[in-house]
Amino acid sequence: MIKKLFQGLARARQRLGDRLRRIITRRDPQLLEEIEEVLYEGDLGVELTENILEELRKIPPEKYMDRIKEILISILEGVEVKEKEGKPRVWMFVGVNGVGKTTTIGKIGKMLRKEGKRVLFAACDTYRTGAQEQLKIWAERVGADIVLSQYGADPGAVAFDAYEAALHRGMDELLIDTAGRLHTKHPLMEEMKKIKRVLSKKNPDAPHEIVLVVDGTTGQNALNQAKSFHEALGLSGIVLTKLDGTAKGGIVVHVVKEIGVPVRYIGVGEGEDDLIPFNPEEFVKALLG
Amino acid sequence: MFEGLTEKLERAINFFGKKGRLTPKDVKQGLEEIRKALLEADVNYKVVREFIKMVEEEATGERVLKSFTPREQILKIVYEKLIEILGKHEPLKLSRSPSPIILLGLQGSGKTTTAVKLAYLLRKKGKNPLLVPADVKRPAAFEQLRDLAARYDFPVYDKRLPDAVKLSKLALSMAVLKRYDVVIFDTAGRLHIDEEMIEEARKIRDTVNYDELLLVVDAMTGQDAVNVAREFQEKVGITGVILTKLDGDARGGAALSVRRITGKPIKYIGVGEKVEDLEEFHPERLASRILGMGDLATLREKAKEAIEAEHARRFQEKMLRAELTLEDFLEHIKQIKRMGPIEELIKLLPGGKEFARYADEKMLKKTEAIINSMTPEERRNPKIIDGSRKRRIARGSGTTVQDVNQLLREYELVVKLMKEMKKGKFPLRFPI
């Protein structure tokens, strides 16, 4: 698992970590400015970067590296993961378009299948063309059942049917794919709330997980996305995707700090198994080297 | 709901003061604020540094124009510089028939949607485009393009082959035979750039003798945008950029980075979910968005067309006297609505996304219903609305007490803001 994360973040780590170490051992007056650059290029954002720099100004340069790690890890570890039991356990996946929601569901489905769970997918994205087919392909690939629907159908009704199906077929896990659209679209949020309501009526604990999928290449806008979805739905976790490239996903630290929701998994590739549980220490280590 | 706007106005007035020439201190101070704004907008750190340096040199010593504060003067210089760097809209090169256009980009950037939008735009200009799903890898990529295209009656090359290069070649021959004059290739995206993808893109590029090789970039992209742009530019060589997802609240600083790195023009921007939501690129609009100023110029222009002078005058008067009633509130929402597609318009305002909830038809109807269910007295003096009145209003308007409460709370906020304006705390800088 660690290996994969390291592979995935190898490029990021090399650039950030090596540069930081080089910068720090050199002890030149431009030190803080260069650290600032590294932090910004990791997408940590203005606020967090400025906070970190302020902290660093109080300590000698040889402690910089540890302090940066410490600050980032403490933010990421500062939120608790609360898992809820249920049968079926209902997961609702939300996020803006193009972040990799459907793929993430496929991967989490695979993971749950490996644990021997019976998994049902629900294709509640009745908006984007191709969404139904895409999830269906994933269901076949990982051996999950699926409830499909028509384009334009009411996602709440699909969620309702899917829950019934999960119950009757004795499923352990129900993974719900939702329409990805920009978080600024008011109707989208209403639609999400309705899906949640429908499920809560079936079981007060459901959805047991409401997971926001965030594209690791996203910049500061990830914060707006997280805030909007959290405000509307109350998130239980975050999945950060596309971390196998050059993007560093640093914005997630700010997101966690701001909304207090833990990162649960990270996506590190396009394969079925390219999803790993999030570990703050490893993430930061891999990021900074 | 007004926090964003308030903050901005507050910061804006901190700089009011002396006139004369811009001193190095003025410039430094003003630019520090702009530096942060650019970084918040996801402009690449190095690009920001370079940009700030450039402006610093130009701005120092410049005469502060009449009716401008030093801060405004700096902002003006920055704004103009940004526009200059962002470059002008350039039309597509369509040199022959059929004219091949290749779309490149990472997965999730919006290539497929953009392909159909582009086809739509070209058809409006009298062209007859063919769409080619050259992404043979992603599950359901073919279906997505086929179904989306079918919605608008666009022909799609529907032969399915495992080899994207061969497929592209065949599609092009068919286009020649069937006399399509533009062929749009929707190529495979990857989660990130890899050799396989680049190789495939290169082969398609060499096979189809393209007119345009357009890179599709998600406006929400962070610092990674420079890496993406550089790789595509160096390894495939693009001719232009399409920026997508500008209908959200992303500031779109990635555009500046991409433009700086590639030197290629931004050709179009995606501004909505509908097929017609692909627009020509206007540097002024993007520049003010990146700076977080809202697009004041466009707003003024649109407002002038639609808002009735009388209404504007009365509204402003009432705002200044802090006497706005719920009736005015409603009327104002209606007026703004008359100015055009409200979602678009509202986003142009500073702090616009906070208003965007009113842009929704349903929301507006709800607001209207609630206010209509009030007695004239209640509308003029909402303070008298107690629990039982709220229940009656909710029943009458088919809403809930929570809805009524929410409206009243928001109204209170507006009133509060107006009172602050009245005290002269915030200058009114554009005709609301």
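The values are calculated or read from the model by the stated rules, or taken from the named source; none is laboratory data. All of these numbers come straight from a predicted model, not from anything done at the bench. Here Cβ is always computed from backbone atoms with ideal geometry, including for glycine, and neighbour counts include all displayed protein chains. What goes into the accessible areas is simple: the full protein's heavy atoms, side chains included, and nothing from ligands, DNA or RNA. Shrake-Rupley method; radii C 1.70, N 1.55, O 1.52, S 1.80 Å.
Quickly run through region B:160-193 and pick out the residues that are charged (D, E, K, R), surrounded by 14 or more Cβ atoms within 10 Å (Cβ to Cβ) and in a loop (DSSP other than H, G, I, E, B). Give the steps one after another, and end with the answer.
Our first condition is that a residue be charged (D, E, K, R); within region B:160-193, this holds for B:160, B:163, B:166, B:169, B:178-179, B:181, B:186, B:190.
Cutting the leftovers down to surrounded by 14 or more Cβ atoms within 10 Å (Cβ to Cβ) gives us B:166, B:169, B:181, B:186, B:190.
Answer for region B:160-193, where residues must be charged (D, E, K, R), surrounded by 14 or more Cβ atoms within 10 Å (Cβ to Cβ) and in a loop (DSSP other than H, G, I, E, B): B:Asp181, B:Arg190.
Got a sec? Which of A:Ile146, A:Ile137 is closer than 27 Å to B:Ala149 by Cβ, surrounded by fewer than 19 Cβ atoms within 10 Å (Cβ to Cβ) and over 19 Å from the mean Cα position of the chain (by Cα)?
A:Ile137
So which of A:Ala159, A:Ala206, A:Ala179, A:Ala153 is open to solvent by less than 40 Å² (accessible area, probe 1.4 Å) and at pLDDT 95 or above?
Numbers: A:Ala206 fails: at pLDDT 95 or above; A:Ala179 fails: at pLDDT 95 or above; A:Ala153 fails: at pLDDT 95 or above.
Testing whether each residue is open to solvent by less than 40 Å² (accessible area, probe 1.4 Å) and at pLDDT 95 or above leaves just A:Ala159.
On the basis of being at pLDDT 90 or above, open to solvent by less than 50 Å² (accessible area, probe 1.4 Å) and under 21 Å from the mean Cα position of the chain (by Cα), does B:Leu39 make the cut? Spell out how you get there, then give the answer.
Values: at pLDDT 90 or above: yes; open to solvent by less than 50 Å² (accessible area, probe 1.4 Å): yes; under 21 Å from the mean Cα position of the chain (by Cα): yes.
Taking the combined requirement at face value, the residue satisfies it.
State the number of residues belonging to region A:246-289 that are in a loop (DSSP other than H, G, I, E, B) and closer than 22 Å to A:Glu36 by Cα.
6
Which of (1) more than 28 Å from A:Gln150 (Cβ to Cβ); (2) small (Gly, Ala, Ser); (3) in contact (Cβ under 8 Å) with a residue 12 or more places away in the chain does B:Ala115 not meet, given it meets every other one?
The failed condition is (1).
Among residues belonging to region B:224-240 that are within 23 Å of the chain's Cα centre (by Cα) and in a helix (DSSP H, G or I), point out the one that is farthest from the other protein chains (Cβ to nearest Cβ).
Result: B:Ala229.
Within region A:87-96, identify whether any single residue is more than 10 Å from A:Leu175 (Cβ to Cβ), out of contact with any helix residue (DSSP H, G or I) (no Cβ under 8 Å at 6 or more places or on another chain) and touching a residue at least 60 places away in the same chain (Cβ under 8 Å), and answer yes or no.
Yes, because at least one residue in region A:87-96 is more than 10 Å from A:Leu175 (Cβ to Cβ), out of contact with any helix residue (DSSP H, G or I) (no Cβ under 8 Å at 6 or more places or on another chain) and touching a residue at least 60 places away in the same chain (Cβ under 8 Å).
Does region B:195-211 contain at least one residue that is out of contact with any helix residue (DSSP H, G or I) (no Cβ under 9 Å at 6 or more places or on another chain), closer than 17 Å to A:Gly98 by Cβ and assigned by TED's automatic domain parsing to the domain that holds B:Leu131?
yes
Which residues, taken from region B:43-71, are assigned to a loop (DSSP other than H, G, I, E, B) and either among the aromatic types (Phe, Trp, Tyr) or farther than 17 Å from B:Thr262 by Cα (or both)?
B:Thr60, B:Gly61, B:Glu62, B:Val64, B:Leu65, B:Lys66, B:Ser67, B:Phe68, B:Thr69
Just checking, how many residues over region B:239-254 are at pLDDT 95 or above and buried (at least 23 other Cβ atoms within 10 Å of the Cβ)?
So the count comes out to 4.
Picking from A:Leu44, A:Leu39, A:Leu31, A:Leu53, which residue would you name as being within 14 Å of chain B (Cβ to nearest Cβ), over 30 Å from B:Thr244 (Cβ atoms) and at pLDDT below 95? Spell out the reasoning first.
Details: A:Leu44 fails: over 30 Å from B:Thr244 (Cβ atoms); A:Leu39 fails: over 30 Å from B:Thr244 (Cβ atoms); A:Leu31 fails: within 14 Å of chain B (Cβ to nearest Cβ).
Of the residues listed, the single one that is within 14 Å of chain B (Cβ to nearest Cβ), over 30 Å from B:Thr244 (Cβ atoms) and at pLDDT below 95 is A:Leu53.
For region A:182-194, which residues satisfy the criterion of being at pLDDT 90 or above and either open to solvent by 20 Å² or more (accessible area, probe 1.4 Å) or not assigned by the TED database to the domain that holds A:Phe93 (or both)?
A:Glu190, A:Glu191, A:Lys193, A:Lys194 - these are the residues of region A:182-194 that are at pLDDT 90 or above and either open to solvent by 20 Å² or more (accessible area, probe 1.4 Å) or not assigned by the TED database to the domain that holds A:Phe93 (or both).
Counting only residues that are outside the structural domain of A:Ala139 (by the TED database), give me the helices (runs of 4 or more DSSP H) lying completely in region A:40-123 with at least 3 of them.
Numbers: elements: A:46-56, A:64-77, A:101-114.
Qualifying helices (runs of 4 or more DSSP H): A:46-56, A:64-77.
Of A:Thr103, A:Thr126, which residue is among the β-branched types (Val, Ile, Thr), open to solvent by 10 Å² or more (accessible area, probe 1.4 Å) and within 21 Å of B:Arg151 (Cα to Cα)?
One residue alone meets the criteria, A:Thr126.
Check region B:279-301 and report whether any residue there is more than 12 Å from the chain's Cα centre (by Cα), farther than 26 Å from B:Arg35 by Cβ and modelled with pLDDT under 75.
Within region B:279-301, one or more residues are more than 12 Å from the chain's Cα centre (by Cα), farther than 26 Å from B:Arg35 by Cβ and modelled with pLDDT under 75.
Quick one: B:Glu200 ticks every box in (1) more than 14 Å from chain A (Cβ to nearest Cβ); (2) over 23 Å from A:Gly271 (Cα atoms) except a single one, so which number is it?
Result: B:Glu200 fails condition (2) only.
In the set B:Glu361, B:Glu377, which member is modelled with pLDDT under 75, of a type outside the set (A, V, I, L, M, F, W, C) and farther than 20 Å from A:Glu231 by Cα?
The match here is B:Glu361.
So, A:Gly109, is that one touching a residue at least 12 places away in the same chain (Cβ under 8 Å), under 26 Å from A:Gly269 (Cβ atoms) and more than 12 Å from chain B (Cβ to nearest Cβ) or not?
yes
Mind checking which residues of region B:143-159 are open to solvent by 20 Å² or more (accessible area, probe 1.4 Å) and either among the hydroxyl-bearing types (Ser, Thr, Tyr) or within 13 Å of chain A (Cβ to nearest Cβ) (or both)?
Within region B:143-159, B:Glu143, B:Arg146, B:Asp147, B:Leu148, B:Ala150, B:Arg151, B:Tyr152, B:Val156 meet the criteria.
Right, A:Phe160: more than 12 Å from chain B (Cβ to nearest Cβ), touching a residue at least 40 places away in the same chain (Cβ under 8 Å) and part of a strand (DSSP E or B) or not?
Spelling it out, it is not the case that A:Phe160 is more than 12 Å from chain B (Cβ to nearest Cβ), touching a residue at least 40 places away in the same chain (Cβ under 8 Å) and part of a strand (DSSP E or B).
In the set A:Glu140, A:Glu115, which member is within 10 Å of another protein chain (Cβ to nearest Cβ), without any contact (Cβ under 8 Å) to a residue 12 or more places away in the chain and among the charged types (D, E, K, R)?
Selected residue: A:Glu140, the only one of A:Glu140, A:Glu115 that is within 10 Å of another protein chain (Cβ to nearest Cβ), without any contact (Cβ under 8 Å) to a residue 12 or more places away in the chain and among the charged types (D, E, K, R).
So which residues in region B:42-71 are among the acidic types (Asp, Glu), over 24 Å from the mean Cα position of the chain (by Cα) and either surrounded by 14 or more Cβ atoms within 10 Å (Cβ to Cβ) or away from chain A (no Cβ under 14 Å) (or both), if there are any at all?
Answer for region B:42-71, where residues must be among the acidic types (Asp, Glu), over 24 Å from the mean Cα position of the chain (by Cα) and either surrounded by 14 or more Cβ atoms within 10 Å (Cβ to Cβ) or away from chain A (no Cβ under 14 Å) (or both): B:Glu56, B:Glu57, B:Glu58, B:Glu62.
To keep it simple, each residue is scored yes or no on (1) closer than 26 Å to B:Gly248 by Cα; (2) modelled with pLDDT under 95.
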position	(1), (2)
B:Gly108	yes, yes
B:Lys117	yes, no
B:Lys124	yes, yes
B:Asn128	no, no
B:Phe142	no, yes
B:Asp147	yes, yes
B:Pro155	no, no
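Across region B:160-181, which residue is nearest to the other protein chains (Cβ to nearest Cβ) among those that are of a type in the set (A, V, I, L, M) and free of Cβ contacts under 8 Å to residues at least 60 places away in the same chain? Step through it out loud before you land on a result.
At the first step, the residues of region B:160-181 found to be of a type in the set (A, V, I, L, M) are B:161, B:164-165, B:167, B:170-172, B:174-177.
Within this subset, residues satisfying the condition of being free of Cβ contacts under 8 Å to residues at least 60 places away in the same chain are B:161, B:164-165, B:167, B:170-171, B:174, B:177.
Numbers: B:Leu161: 18, B:Ala164: 16, B:Val165: 20, B:Leu167: 18, B:Leu170: 22, B:Ala171: 19, B:Met174: 23, B:Leu177: 28 Å.
Top of the filtered list is B:Ala164.
Sort out which residues of region A:231-258 are buried (at least 18 other Cβ atoms within 10 Å of the Cβ), away from chain B (no Cβ under 14 Å) and over 13 Å from the mean Cα position of the chain (by Cα), and write them in order of number.
A:Leu233, A:Lys257 - these are the residues of region A:231-258 that are buried (at least 18 other Cβ atoms within 10 Å of the Cβ), away from chain B (no Cβ under 14 Å) and over 13 Å from the mean Cα position of the chain (by Cα).
Here's the yes/no breakdown for (1) assigned to a helix (DSSP H, G or I); (2) open to solvent by less than 50 Å² (accessible area, probe 1.4 Å); (3) touching a residue at least 40 places away in the same chain (Cβ under 8 Å):
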| residue | (1), (2), (3) |
| --- | --- |
| B:Gln73 | yes, yes, yes |
| B:Lys81 | yes, yes, no |
| B:Ser109 | no, yes, yes |
| B:Ala119 | yes, yes, yes |
